[in-house]
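Everything below concerns the one structure shown next.
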Amino acid sequence: MIVLLGVLVVVVGFATKRNALLVVGVAGIVTGLLGGLSPREVLAAFGSGFASSRAVTIFAITLPVIGLLERYGLQEQARRLIARFAKLTTGRFLALYLGMRQIGAAVGLTHVFGHAQTVRPLAVPMAEGAAERKHGRLTEKSREKIRSFSASADNVGLFFGEDVFLAVGSILLITSFVNTTYNTHLEPLHLALWAIPTALCALAVHGWRLLRLDRHLERELVAANIEPVAVEGAAK
Amino acid sequence: MIKAEWFYWLVGLSFLVMASQMLTDRSNPKRFGTTAFWGLLGAGFIYSSWVVEKKAPAEPLGAAVLVMIVLAGFGFTGRGTPRTTTPEQREASALKLGNKLFVPALAIPVVALLCAVVVKKLSIGGEPILQEGSETILGLGIGAVVALVVGMIMLREKRIAVPVQAGRSMLEAMGWAMLLPQLLATLGTIFQLSGVGTQVGKVTTSILPKDSLYVAVIVYCVGMALFTVIMGNAFAAFPVMTAAVGWPVLIEHFHGSAPAVLAIGMLAGFCGTLVTPMAANFNIVPAALLELKDQYGPIKAQLPTAGILLGCNIVVMALFAF
């Protein structure tokens, strides 16, 4: 039972916001020693663990080409592509963003969209703009809601799209962990195929909730229509 | 035969080249620490080949990993000013090139898929072209190289230094976080060696009724989600829950299909990621970035979706994995 203290180290470490690498390092050493490994065996465990999980980091091989394309405007082009859909309602626009994020992640373009690159500079202004076009000025509450849902569209799209791409970290983590631990042989492609049903569920469930956002906003803004006040200059 | 190790060497070599660029980058205030970190990572990638084949001891590599942890954990790494194009230049270039820009990017998954499905079956003189069991990784590597060639021809870019510099900037921007998934996998291995999974397994099997497949599926999926909420990362939860329930109970005892059980189990973990403040970069950072009053706004927006999707994962696994 005492080896479970290693899990506790991770929990406390992450909860107190320590540097994640340090948390992992300390938890590994503590768990190894409590589990009866000698210091030398702990070192060897770190070494062989690193060696057998290299597949998780191999996506770095795609960085030069993605970096090259970004120099030539890949992100700007992604933005122009979404901007064509500027005339939609808030909910429909965000549902579309969810779909594009998911497709992007599913073909390995996990860095083309993102909170800093697209949600803040693009998705939020467009989602808020759509609501303003329909209802006039927004209440602070509805503005918060639109922004929260914009962030959620990016997260859900990324999480449940990327596993369809067979070279993503989590798929490679599964194969490298299981193949080394249980001496078996799993193909990333088969795992990726099994990510498709959940990806479709995610699109349906969250897409539906984003579409319903229009009705929520309608109700909220019509009720608050007596003296709606917007936060000046908040739409960046 | 093309071997997976060759691509690990290529990745290690590019880390080493980038590390040498970092050494001469005076715009980076912490260039020595940064160089040491990425240099060790690159060297470790190459050295690992012999560790995997058990021809070299694993201890030196373990020590190098701990040095990397110390370098990054105590703030000895930094980033330089990237040499890149101006926003105006990028805007103009995007306008000129249009959707053609997506072609090289899409070449990566297309080639990876072709390798995993078609090239996998080809062989020359009785020997398969791609090393057996590593087709996907090889596909990714070949896809990246093909995409780079296509991109450079399309953009009429002659200097290989340009993409390497661009890749280095992205590497520095991601920083040590890029190594985190690999270290979490390593932690999972250590947990496994030390018997954490067996312990969690004992605890769960003591409350788990025997021979009830559906309860076991629910325990695995909900356990993945809960453990992810606690640890903030599905990668850390996966080895523990899989060693406890996923492998021994669902796959060995109930003969579940391993790819289905494991892939869906990981996705159940992602439902936990959606609702935990511990996954700061997805949930708390965006709240700050979007200037939200309520820092739990994104989590609240994601909570119902996460709940429903956890249910979906349980149903999909129960229906199709056995």
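As a calculated quantity, the FRET efficiency between B:Lys121 and B:Val215 at R0 = 45 Å, using C-beta atoms, amounts to about 0.65. Counting only protein chain heavy atoms and rolling a 1.4 Å probe, the accessible areas of B:Trp9, B:Trp176, B:Trp247 rank, largest first, as B:Trp9, B:Trp176, B:Trp247.
Give me a single rounded figure for B:74-84: the average over its residues of other chain Cβ atoms within 10 Å of their Cβ. Walk me through the intermediate numbers first.
Values: counts 3, 1, 0, 0, 0, 0, 0, 0, 2, 1, 3.
Across the residues of B:74-84, the mean count of other-chain Cβ atoms within 10 Å is 1.
Each residue, B:Asn281 and A:Ile103, gets one label point 7 Å from its Cα in the Cβ direction; the gap between the two is 2.7 nm.
Taking the protein assembly as shown as a whole, the Cys residues whose C-beta sits 4.7 Å or farther from every other Cys C-beta are B:Cys115, B:Cys221, B:Cys271.
If you wrap a convex hull around the Cα atoms of region A:21-172, how much volume per residue is inside, in Å³? Spell out each step's value before the answer.
Numbers: hull volume 21.9 nm³, N = 152.
Roughly 144 Å³ of hull volume per residue.
Here the protein assembly as shown is treated as a Stokes sphere of Kirkwood radius computed over C-alpha pairs; at 4 °C and 1.567 mPa s its diffusion coefficient rounds to 53 µm²/s.
For the peptides A:148-158, B:150-160, the ranking by mean Cβ contacts within 10 Å, running from highest to lowest, is A:148-158, B:150-160. Each principal axis of the Cα cloud of region B:196-322 was taken in turn, and the coordinate range along them, longest first, works out to 50, 29, 23 Å.
What total accessible area, in Å², is buried where chains A and B meet, using a 1.4 Å probe and rounding to the nearest 100? Mind showing how you got there, number by number?
Working: alone 14730 and 19200 Å², together 22640 Å².
Roughly 11300 Å² of accessible surface disappears when A and B pair.
Projection of the Cα convex hull of region B:4-74, averaged over all directions and equal to a quarter of that hull's surface, yields 4.8 nm².
Model label points for A:His185 and B:Asn99, set 7 angstrom from Cα along the Cα-to-Cβ axis, are 4.1 nm apart.
Restricting to DSSP H runs of at least four residues, report the calculated mean residue ellipticity at 222 nm for chain B, -39500 (n - 2.57) per run over all residues, nearest 500 deg cm²/dmol. Spell out each step's value before the answer.
Values: 14 runs with 222 residues, N = 322.
Estimated from H runs of four or more residues: -23000 deg cm²/dmol.
Using the Cβ-Cβ distance between B:Glu252 and A:His216 with R0 set to 45 Å, the FRET efficiency from 1/(1 + (r/R0)^6) comes to roughly 0.45. Our estimate of slack between B:Glu291 and B:Trp50, defined as 0.36 nm per intervening residue step minus the Cα-Cα distance, is 81.8 nm.
When both region A:21-89 and region B:255-289 are represented by their alpha-carbon centers, they are found 15 Å apart. Among B:Ile308, B:Ile142, B:Phe254, pick out the residue whose Cα is farthest towards the positive end of the charge dipole of the protein assembly as shown, where Lys and Arg carry +1 and Asp and Glu carry -1 on C-beta, about the Cα centre. Going by the charge dipole, the pick is B:Ile142.
Which net charge results for the neighbourhood of A:Ala195, defined as the other residues with beta-carbon distances under 10 angstrom from its beta-carbon, given Lys and Arg at +1 and Asp and Glu at -1?
Numbers: positive: none; negative: A:Glu162, A:Asp163.
Around A:Ala195, the surrounding residues sum to -2.
Working from Cα pairs under 8 Å separated by at least six residues, relative contact order for chain B is 13 percent. Backbone amide hydrogens, once placed in the peptide plane, bring B:Leu130 within less than 5 Å of B:Ile2, excluding anything fewer than 5 places away on its chain.
Are any of the pairs B:Lys121/B:Lys202; A:Lys87/B:Lys293; A:Lys17/B:Lys3; B:Lys55/B:Lys158; A:Lys87/A:Lys145 more than 31 Å apart by Cα-Cα distance, and if so, which? Kindly include the intermediate steps, with their values, before the conclusion.
Details: B:Lys121/B:Lys202 43 Å; A:Lys87/B:Lys293 28 Å; A:Lys17/B:Lys3 40 Å; B:Lys55/B:Lys158 40 Å; A:Lys87/A:Lys145 20 Å.
Correct reply: B:Lys121/B:Lys202; A:Lys17/B:Lys3; B:Lys55/B:Lys158.
For B:Lys96, a cut-off of 15 angstrom between C-alpha atoms picks up these aspartates and glutamates, skipping any fewer than 8 places away in its own chain: A:Glu70, A:Glu76, B:Glu88. Where in chain A are the DSSP H helices whose alpha-carbon span along the long axis reaches 27 Å or more and whose Kyte-Doolittle mean is at least 0.0? Helices meeting the span and hydropathy rule in chain A are A:196-223.
How big is the dipole moment of the protein assembly as shown about its Cα centre under a simple scheme where the beta carbon of each Lys and Arg is +1, that of each Asp and Glu is -1, and everything else is neutral? Debye, nearest 20, please. Don't jump to the answer; show the numbers that get you there.
On the way: 45 positive and 31 negative charges, 250 e Å.
The dipole of the protein assembly as shown has a size of about 1200 debye.
Between B:Met1 and A:Leu8, what FRET efficiency comes out of the Förster formula 1/(1 + (r/R0)^6) with R0 = 56 Å and r the beta carbon distance, rounded to 0.05? Before the final figure, lay out the partial values.
Working: r = 46 Å, r/R0 = 0.83.
Computed FRET efficiency for A:Leu8 and B:Met1 comes out at 0.75.
The values are calculated or read from the model by the stated rules, or taken from the named source; none is laboratory data. What you see is a predicted model; the values in this text were computed from it and never measured. Positions of Cβ are generated from backbone atoms using ideal geometry, with glycine treated the same way; all protein chains shown enter the neighbour counts. Accessible surface areas use protein heavy atoms only, side chains included; no ligands, DNA or RNA. Shrake-Rupley method; radii C 1.70, N 1.55, O 1.52, S 1.80 Å.
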